[in-house]
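S.K.: Provided herewith is a single structure, encoded as structure tokens, for subsequent inquiry.
The values are calculated or read from the model by the stated rules, or taken from the named source; none is laboratory data. These numbers were taken from a predicted model, which means no experiment stands behind them. Virtual Cβ from ideal backbone geometry, glycine too; neighbours counted across all protein chains shown.
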Amino acid sequence: MVTTTYQVQGMTCGHCVSAVSAEVGAIQGVSDVRVDLATGQVTVTSDKPLDTASVRAAVDEAGYDLVGE
């Protein structure tokens, strides 16, 4: 298992957390997504390292921005 933390910008409420969790959680191989609204950190556990472009696309689909990477 691999755990990676990403910084997401633009989340302001519980709906934001749900949207990001659902989109990132749908990436193949992802087993857990934890979103900290206060810090904007999204911690993803997966069976192998994730392609950052896939995570960026999922976060974008949810309506938010992946910072850095």
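S.K.: Picking from 20, 67, which residue would you name as being in contact (Cβ under 8 Å) with a residue 60 or more places away in the chain and of a type in the set (Val, Ile, Thr)?
M.R.: The unique qualifying residue is 67.
S.K.: Every residue in region 23-37 that is β-branched (Val, Ile, Thr) and either in contact with a Ser or Thr (Cβ under 8 Å, 6 or more places away or on another chain) or at pLDDT below 95 (or both), please.
M.R.: Answer for region 23-37, where residues must be β-branched (Val, Ile, Thr) and either in contact with a Ser or Thr (Cβ under 8 Å, 6 or more places away or on another chain) or at pLDDT below 95 (or both): 27, 30, 33, 35.
S.K.: Which condition number in (1) within 9 Å of the chain's Cα centre (by Cα); (2) charged (D, E, K, R); (3) farther than 16 Å from residue 67 by Cβ is the one that residue 56 fails?
M.R.: (3)
S.K.: Give just the number: which of (1) among the β-branched types (Val, Ile, Thr); (2) surrounded by fewer than 17 Cβ atoms within 10 Å (Cβ to Cβ); (3) in a strand (DSSP E or B) does residue 12 not satisfy?
M.R.: Every condition holds for residue 12 apart from (3).
S.K.: So, in region 33-54, how many residues would count as being surrounded by 13 or more Cβ atoms within 10 Å (Cβ to Cβ) and closer than 11 Å to residue 4 by Cα?
M.R.: Number satisfying all stated conditions: 10.
S.K.: Still on this structure, please answer the following. Cβ-Cβ distance below 7 Å, separation of 6 or more or different chains: which pairs start in region 30-57 with a residue that is within 16 Å of residue 11 (Cα to Cα) and free of Cβ contacts under 8 Å to residues at least 40 places away in the same chain and end on one that is surrounded by 13 or more Cβ atoms within 10 Å (Cβ to Cβ) and among the polar types (S, T, N, Q)?
M.R.: Pairs that qualify, where the first residue is within 16 Å of residue 11 (Cα to Cα) and free of Cβ contacts under 8 Å to residues at least 40 places away in the same chain and the partner is surrounded by 13 or more Cβ atoms within 10 Å (Cβ to Cβ) and among the polar types (S, T, N, Q), are 33/21; 34/43; 35/21; 40/7; 41/7.
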